[in-house]
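Let me begin by presenting the structure, written as structure tokens, before commenting on it.
The values are calculated or read from the model by the stated rules, or taken from the named source; none is laboratory data. The model shown is predicted, which means the values in this text are computed figures rather than measured ones. All Cβ positions, even for glycine, are placed from backbone atoms using ideal geometry, and neighbour counts span all protein chains on display. Quick note on the areas: whole protein, heavy atoms, side chains included, nothing else; ligands and nucleic acids left out. Shrake-Rupley method; radii C 1.70, N 1.55, O 1.52, S 1.80 Å.
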Amino acid sequence: MTRKSFFRERTAKDIRELDMRQAMNPRGLVDKIASLGAGQGLIVRVQVVPGRFYQHVEDSREASRKCYKHGDLVALSQPQSQAEAYHNRDIPLAVRARDLSQLAGMREEEINFTGYSFRPLQGRDRRKRVVPFVWLPEAERLFAYAEHMTSYEDKEGVKKGIQVIPYDDAARVSREGAKVICTVPSRTAKKLRYKIRLESVPVDGTTERRAVVWSLKSDFEADPEHSQWNIRYTGEKDPEGSDIFTFYPHDIAAYMATAGHYWRQHNLTPMEMNPFAVFSRRGAGFYNKLCNNVLIFDPKLSSKEKTRKLHLAEKSILIARAIGVFGHDEIAYWDPLRDGKVKDYDWQTSSP
């Protein structure tokens, strides 16, 4: 499948043609990546995915997939019950900032988290919600593409961006959240928009919003291909069930558009209760370098160079390490005065 030009990245061959340097030590790796210029590349010669995921697998791709599905997560210190949520004034941003800031107290090379998680406090679907770090900046790239490069037509005319159709006029919305239908562009050429239904969206500024947000989930009319293959089983004696709910960039971009929709109506609740970290311009830039300037040495490859682009789990871990090294506010927090509009982040990569 061919990606649309907005989402195309340098190939491994393209990156090899840059001004290359080497990283031989996991300590200081984040700084080396962050300091890369547009025409510079880096070959990582240390293993990023923890060694335990290489057991009983044939190659690094299998190890990375295993890590993506079963890797360590930062469990957010959210309220543990509906009643506790009603009495807790911490918005999700405050919870994330508190928990992700703890990465700063760890050694860089020991930070192996692939994302963060939270649990619903109400409703029938109590599956753990998982937010992989890699999908947060990718959602911002998708959101920027939608805002600048796409349009849709409704009864009011032609508009840019992600279409948002809220269903929020029922009496139970304050306790259960709204349902919002969004149409989100695909990153694949010649593919139609995805129709996504967000559920448990907090839109009412009542106390109940503090519990509603933790039940957020989505339902696709047709799932993005990657999510269909994200099948996960825990160990036979593992106390946690196998079924979890993983958010993808299309979900997150849809929520961003939904928050913007309500913001323009002077309703700040969806933005205030956003469960997704909005990356700074610096955080997005770091992710862009992972996609376009970094290769990793892989001894099991048959190619002469034995280097490849990073897998999703490796990108997620390196993003977590960047949060640990530079701090939550520098990477995983959007400051509009410092960063400008998310849709205006620079995602385009010049060819080498």
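When DSSP beta bridges are restricted to pairs lying wholly in segment 1-159, around 45% turn out antiparallel. Highest mean first, the peptides 284-295, 132-143 sorted by other C-beta atoms within 10 Å per residue fall in the order 132-143, 284-295.
If you look at the Cα atoms of the chain, you get an Rg and a Dmax of 20.2, 64 Å.
A cut-off of 5 Å between modelled amide H atoms, ignoring neighbours fewer than 5 places along the same chain, links D72 with T114. How far is helix 135-149 tilted, in degrees, relative to the longest principal axis of the Cα atoms in the chain, given as a value from 0 to 90 rounded to the nearest 10? Taking Cα atoms only, the helix is inclined about 70 degrees. In a reduced charge model with +1 at each Lys and Arg Cβ and -1 at each Asp and Glu Cβ, the chain shows a dipole moment near 740 debye about its Cα centre. Pairs of C-alpha atoms in segment 1-53 farther apart than 19 Å represent 43 percent of all such pairs. Peptides 62-69, 276-283, 259-266 ordered by packing proxy, namely the average of other Cβ atoms within 10 Å per residue, highest first: 276-283, 62-69, 259-266.
For D125, D251, give me the order by solvent-accessible area with a 1.4 Å probe, most accessible first, ignoring ligands, DNA and RNA. Don't skip to the end; give the middle numbers.
Values: D125 30, D251 0 Å².
Descending order: D125, D251.
For segment 1-156, the gyration tensor built on C-alpha atoms gives an oblate shape. Its axis ratio a/c (a ≥ b ≥ c) is at least 1.5, and a/b is not larger than b/c.
Got a number for carbon plus sulfur as a percent of the chain's accessible area, 1.4 Å probe?
On the way: 8310 of 17060 Å².
Reported share for carbon and sulfur atoms: 49 percent.
The C-alpha atoms of segment 98-140 occupy a region whose extents along the principal axes are 39, 23, 16 Å, arranged from largest to smallest.
Please state the shape class of segment 137-186: rounded when a/c is under 1.5, otherwise prolate if a/b exceeds b/c and oblate if not, all from the C-alpha gyration tensor.
Values: a/c = 4.03, a/b = 1.61, b/c = 2.50.
Since a/c reaches 1.5 but b/c is at least a/b, the shape of segment 137-186 is classed as oblate.
Checking the a/c ratio against 1.5 first, then a/b against b/c, what shape does the Cα gyration tensor give for segment 110-171? Numbers along the way, then the final one.
Working: a/c = 5.46, a/b = 1.36, b/c = 4.02.
Judged from the Cα gyration tensor, segment 110-171 comes out oblate (a/c at least 1.5, b/c at or above a/b).
Contact order for the chain, expressed relative to its length and based on alpha carbon pairs under 8 Å spaced 6+ residues apart, stands at 26 percent.
With the Cα gyration tensor of segment 48-138 in hand, convert its eigenvalues to equivalent ellipsoid semi-axes via √(5λ) and list them largest first in whole Å.
Details: eigenvalues 169, 57, 21 Å².
Taking √(5λ) for each Cα gyration eigenvalue gives 29, 17, 10 Å.
GNM remark for the chain: springs join alpha carbons under 10 Å apart, and the peak mean-square fluctuation among G51, G39, G71 falls on G51. One chain, two ends: A12 and L268. Fully extended at 0.36 nm per residue, the span grows by 87.9 nm beyond their Cα-Cα distance.
Send over a whole-number figure in Å² for the accessible area per residue of the chain, probe 1.4 Å.
Details: 17060 Å² over 352 residues.
Per residue, the chain has an accessible area of 48 Å².
R0 = 35 Å: FRET efficiency of K300 with D31, Cβ-based, nearest 0.05? E between K300 and D31, to the nearest 0.05, is 0.80. Each listed q (0.12, 0.16, 0.17, 0.25 Å⁻¹) maps to a log10 I(q)/I(0) for segment 270-352, found by the Debye formula over equal Cα scatterers with no solvent: -0.45, -0.72, -0.79, -1.26.
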